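Before any comments, here is the structure.
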Amino acid sequence: MDLIATANFYVNKLVTSDRGTSIKVLLLDDHTAPSISLCATQSDLLKHEIYLIDKLANTSRAAMRHLRCIVYIKPEPASITALLAELRSPRYASYELNFSNAVRKSDLEKLAESDDLEVVTRVSEVFTDYLVLDRGLFVAGSGTARADAWEKPALDAATQNLSALLLSLKCKPTIRYERNSKMAAKLASELGYAVHEGDLSALFDFPTRDVAPLLLILDRKNDPITPLLVPWTFQSMVHEFIGIRNNTVDLSRVPGVAKDMEQVVLNPETDAFYREAMHLNFGDLGDKIKAYVDQYKAKTNTTKKLDTLQDMKNFIDEFPEFRRLSGNVSKHMTLALELDRCINALRIWEVSELEQSLACNDNHSVDLQELERLVLNHPNPQTPQQVTQPLSVEAKIRLVALYALRYEKHAGNQVRRLEALLLTQGVEGITVGTIRAVLAYAGASQRLETTGEASVFSKANAFMGLGAKQSENLYMQHVPRVEAVVTQAIRGKLAVRDYPVGKHSVELVADRVQDVIVYVVGGITYEEARVLHNLQGTNKGVRIVAGGNIVHNSRTFMQRRHRVKGYRVTIVENPDEKRL
Amino acid sequence: MKRRVLGPRTDVPDIVVPPTPKPQHEPELECPICGLKVLSMHQLNRHLDDEHANASEEVPGTLTGENVEDLTGWLRKKVVSQTSKLPIGLPSKLVKLDSLTSPEYPSLLATSPSPQPDTRGPKVTRKHWRNPSGNDFCHFPRCRKLLNVRNGSVNCRRCGELFCNEHTAFRMKLDSLAEYSPVDGTWCRCCESCFNSKPGYLDTDGATRDLFTQFQTSRQRIVDQQGLKTNQLENRLVKLVARFNEIDLKDEGRVFKFFASSSLGQKRAAEREVVAWASDASATHCHLCFKMFGVYVRKHHCRLCGKLVCGDEMTACSKEVPLGKLCERLGGVQARDPQYVIRVCLGCKDGLLKRRNFIREVEKSELPEYLQIYHDLTTYEKVIIILLKKFQASLVLVQGEPLDSTIIAANKSRGKLVESLQAYEKLAKSLKVAVPEGSDDTKIRHSILQHATWFFQENGGKFKRYWLEMAEVKPDLPAPKLTKKQIREAREELMVYREQMFLIGEMIDTAKKQRRFDEIPPLLDNLRDLEAMCGDIEAKLGEDGF
């Protein structure tokens, strides 16, 4: 259940040729290019004598009859068409075909028919049709236009990607889903069909394990809180404030960034410091970076004394590593400084305190007072003379949305008044409408209220003894719901009533599970990935892999809500309407 | 939780027990934790040990002594309440005795019902268990904790070794011989290494499927068809050429060439003989580009298949091809009149020549320069790696016994190594040729260069390290009187150092450009050292220098 190791196995398999050594060309398509760049660097490929990498769809490639070619594509219509054309008039001496998922029989026939020159020397399927972000985090499936139902292409994509994931992990799982989510149910039944009766079912004939792995399909709408909260751990913060896309961070918009730092890669596999620091909270991160810089300084100091031959020898040996280190130090310094700047510029300390209070405490009047103060840009009563810049609209909307979710059923709910306040602040009606969109998506009536765990708000978690570390950090009180759900799953205590077993699925054995694959329909967050990573660490013999169709931060989550179902709030209703 | 000590019990009441009547009702006990039905207290006891012994570890945080007390108290209460539910008719004494029933001393209660076979799986053997000696340490390599009441002392059910509680927090299903049996085994406590040794558990190789055979079968059908078609076309062409040759031969025999027109007519007739032409009325559209025939789009017959095609230059549906060219490609036939043209459609041209052309191009096309260089580079790489090993071995010898012979040998292999490294570098540099940017050729050249640089850095660095090591051991290694060879070597060495100086100079420049000033001082120091080295060598060379 190590996604990176599995991905490396596949990459190795596809670049290792059965036919001796020589210079090779690698042809990719739009799907496989990002997936291979996530797990293999150019020098890795160079070691396998791949000296030219190009897109299959690029028709201006020159004919090179003495080179051999490795094709690695997803078997979808556009790529198959391009491959057919390539095989009809081959540019290279021979072709090894690798598909990232199952090829349809008819496509294979067509390919065979177009290969009348017999240039193809290998045809194989490697099941890599998903993106691997970390050892335990993947992205599978595409976004949907609606939030409560699948369209055919999106459902197909999710099914294909997840069945590739299961095949690559050699899992024939018990599939369970959340009772209230139609999408999760649909996906569960499609996947069950693919595993047990579809074309690929013969491949799922893996040796029985003592307890079947569990594929748990969750729905984002059951936990709208986690993506809305400002996270405080390194990886999540980078994603929240700057944005991570396929392990790459675009720093070009950061003020005063060096030229070579505009695009940086944050890959825990290649960056040891990042692996250690990605789950640290901001305070610990500061210490960690300081230690890292000290280490770097120590290195530069020792290299300054080049008195003897020995020193010189060491220097020559270590110079490339030294430079790598210096690059890495400045990368993480840049990131940390930018995070710090964002925290101050966006007044995250204040915002996060209120957010956590909203999420974890039951204190309507105090929360409302603080929320109003922030929305109206009033100064902090404790430090009235301190001049603060107004809070960003985004943050205000997010806070009101949190409030709306938290106190939806509260008698004194004042969402309407807060919306009106926002409107008077000059916020556009369509932006204010996002709050309603969030409510419509994940309001109390939409969420799964199970008997065991009472609420997504972690106050309830405290009852269950899960919030043991709550008081540890004021800003990290909230524990994502997924922890409670997966903990129950590991203990074999997940209620069948709330988490039914999918059709066509392996029979449920009421037992503690050891391998869990979590898939969140509607997107996962880095915060959840971190929590699950920790859960795996504390539960021996348990392996957890998690993913979603996207990795959300608060901005993408809100945008998505807005785009899926837009509301426009125009009429300024009587602010005191609901006060009674 | 205090663990039950295994082995014969000493506190068994020494009483003669009358044969007990079989209880009227099966005493049914229920496990207070998982609700499993068991038959006797003994079984319940064992079940609790096996299945729920590590229950405390499931709760986050450790249980304090008080909690343990609570738990056992609770268990006792449960058990008592269960016992009270037993059939009233059964004497309580017997119930107690029944709890002692165990296979280890069956003679005690010979007539009492022996424990029913565990419905949840076979009973796992305990023969291989290591007996606690009282002074054991956890078998887990990195733990080695003293095993006692607090740390626990648990046998891994599979390997039998003793572990502390923490390192047996794993479960796997075992059969009666304590081997992994995923389907109908019993859940047992085990250690981490046994847990990880489950077949396939740590596998990282995902599923794959090889479709080549299937692909090949489908392809073979097409290839065979294609082969037949090609054969047919070849035959027609050979026939046609033979007919033409006949006509031409006759023609050449004639004294007067006026009748050339008649031979042309004969050739036209021969064309129609070889393949039946489709009638003009049979097609309204070109069968290749589907253009409609008309005044501008004329109908033509392909001489090899007889079908109607257009003669559009743009689509190249059909073209007039000189016989000579066709024969040359085909091989084996010679046309007497190579200039004579016949019309051939695109389909027939491909059918006839596509495969031949492709094979010819793959086999006969010249290797581009960079490929040649690449092959040479890989050869050098192999040589360098071998030489490096040799050099290292000779250095070990020198360090062992610095005799003249070993030193000479070391110097010799060093010389060879320097030579090949230089040749390698030179070769790699020849890749840097001004070719239009962005073309595939350039990309490949660039990649090869990158690879070569990487290789050179790594192995050159290794070489330097070995060399410096040797220099430390025996600073007077280069013999005082300089032979010609040594002069050459010293010069080479000088060149290597100068090269190094140059590289460092470049590094300094780039560091300056990128404003990484912290990198500069060490580089400068390094440069100074290199200068000193160069100075030394130059001094040593004296007049023999450049």
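The values are calculated or read from the model by the stated rules, or taken from the named source; none is laboratory data. Fair warning: this is a prediction, and the values are worked out from it, not measured in the lab. Here the Cβ positions follow ideal geometry from the backbone for every residue, glycine too, while neighbour counts run over all protein chains shown.
Counting only residues that are of a type outside the set (A, V, I, L, M) and under 10 Å from B:GLY306 (Cα atoms), how many does the range B:264-282 have?
Final tally of qualifying residues: 4.
Condition check ((1) within 12 Å of chain B (Cβ to nearest Cβ); (2) within 15 Å of A:ASP129 (Cα to Cα); (3) touching a helix residue (DSSP H, G or I) at 6+ places or on another chain (Cβ under 8 Å); (4) surrounded by fewer than 19 Cβ atoms within 10 Å (Cβ to Cβ)) across all residues:
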{"position": "A:TYR10", "(1), (2), (3), (4)": "yes, yes, yes, no"}
{"position": "A:VAL15", "(1), (2), (3), (4)": "no, no, yes, no"}
{"position": "A:HIS31", "(1), (2), (3), (4)": "no, yes, yes, no"}
{"position": "A:CYS39", "(1), (2), (3), (4)": "no, yes, yes, no"}
{"position": "A:SER43", "(1), (2), (3), (4)": "yes, no, yes, yes"}
{"position": "A:HIS48", "(1), (2), (3), (4)": "yes, no, yes, yes"}
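Does A:GLU577 satisfy the criteria of being at pLDDT below 85 and outside the structural domain of A:ARG179 (by TED's automatic domain parsing)? Walk me through how you get there before you give the answer.
Working: at pLDDT below 85: yes; outside the structural domain of A:ARG179 (by TED's automatic domain parsing): yes.
Here the answer is yes, as A:GLU577 does meet what is asked.
Just one of the listed residues (A:ASP210, A:ASP199) is farther than 24 Å from A:SER142 by Cβ and modelled with pLDDT under 90, namely A:ASP210. Filtering the range B:509-543 to residues that are within 46 Å of the chain's Cα centre (by Cα) and away from chain A (no Cβ under 12 Å) leaves B:ASP509, B:LYS512. Just checking, does the range B:159-179 include any residue being more than 8 Å from chain A (Cβ to nearest Cβ), of a type in the set (S, T, N, Q) and touching a Leu at 6+ places or on another chain (Cβ under 8 Å)? No, that holds for no residue.
So that you can scan it fast, the table gives a plain yes or no per residue for (1) modelled with pLDDT under 75; (2) away from chain A (no Cβ under 14 Å); (3) touching a strand residue (DSSP E or B) at 6+ places or on another chain (Cβ under 9 Å); (4) outside any helix (DSSP H, G or I):
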{"position": "B:ILE384", "(1), (2), (3), (4)": "no, yes, no, no"}
{"position": "B:LEU397", "(1), (2), (3), (4)": "no, yes, no, no"}
{"position": "B:ILE408", "(1), (2), (3), (4)": "no, yes, no, no"}
{"position": "B:VAL418", "(1), (2), (3), (4)": "no, yes, no, no"}
{"position": "B:ALA434", "(1), (2), (3), (4)": "yes, yes, no, yes"}
{"position": "B:ASP441", "(1), (2), (3), (4)": "no, no, yes, no"}
{"position": "B:ALA452", "(1), (2), (3), (4)": "no, no, no, no"}
{"position": "B:PHE463", "(1), (2), (3), (4)": "no, no, no, no"}
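Taking A:SER352, is it at negative phi and more than 26 Å from the chain's Cα centre (by Cα)? No.
State whether the residues of the range A:177-196 include one that is in the same structural domain as A:GLY502 (by TED's automatic domain parsing), more than 18 Å from the chain's Cα centre (by Cα) and either more than 30 Å from A:GLN446 (Cα to Cα) or part of a strand (DSSP E or B) (or both). Yes, some residue in the range A:177-196 is in the same structural domain as A:GLY502 (by TED's automatic domain parsing), more than 18 Å from the chain's Cα centre (by Cα) and either more than 30 Å from A:GLN446 (Cα to Cα) or part of a strand (DSSP E or B) (or both). The single condition from (1) more than 26 Å from A:MET476 (Cβ to Cβ); (2) more than 14 Å from chain B (Cβ to nearest Cβ) that A:ASP219 fails is (1).
The single residue among B:CYS310, B:CYS345 that is farther than 27 Å from A:GLU118 by Cβ, buried (at least 19 other Cβ atoms within 10 Å of the Cβ) and not aromatic (Phe, Trp, Tyr) turns out to be B:CYS310. Yes or no: B:ALA532 part of a helix (DSSP H, G or I), surrounded by 17 or more Cβ atoms within 10 Å (Cβ to Cβ) and at pLDDT 75 or above? So B:ALA532 fails the test.
Based on what the data block shows, is B:SER193 under 25 Å from A:CYS171 (Cα atoms) and more than 9 Å from chain A (Cβ to nearest Cβ)? Outline the logic, then answer.
Details: under 25 Å from A:CYS171 (Cα atoms): yes; more than 9 Å from chain A (Cβ to nearest Cβ): yes.
Yes.
Table: residues versus (1) facing chain B (nearest Cβ under 8 Å); (2) within 28 Å of A:ALA140 (Cα to Cα); (3) in a helix (DSSP H, G or I).
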residue	(1), (2), (3)
A:GLU86	no, no, yes
A:ALA93	yes, no, no
A:GLU96	no, yes, no
A:ALA102	yes, yes, no
A:ASP107	no, yes, yes
A:GLU118	yes, no, no
A:ARG122	yes, yes, no
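Can you name every one of the helices (runs of 4 or more DSSP H) wholly within the range A:364-426 that holds 3 or more residues which are surrounded by 16 or more Cβ atoms within 10 Å (Cβ to Cβ) and among the basic types (Lys, Arg)?
Details: elements: A:364-375, A:393-406, A:415-424.
Where helices (runs of 4 or more DSSP H) fall fully within the range A:364-426 and carry at least 3 residues being surrounded by 16 or more Cβ atoms within 10 Å (Cβ to Cβ) and among the basic types (Lys, Arg), they are A:393-406.
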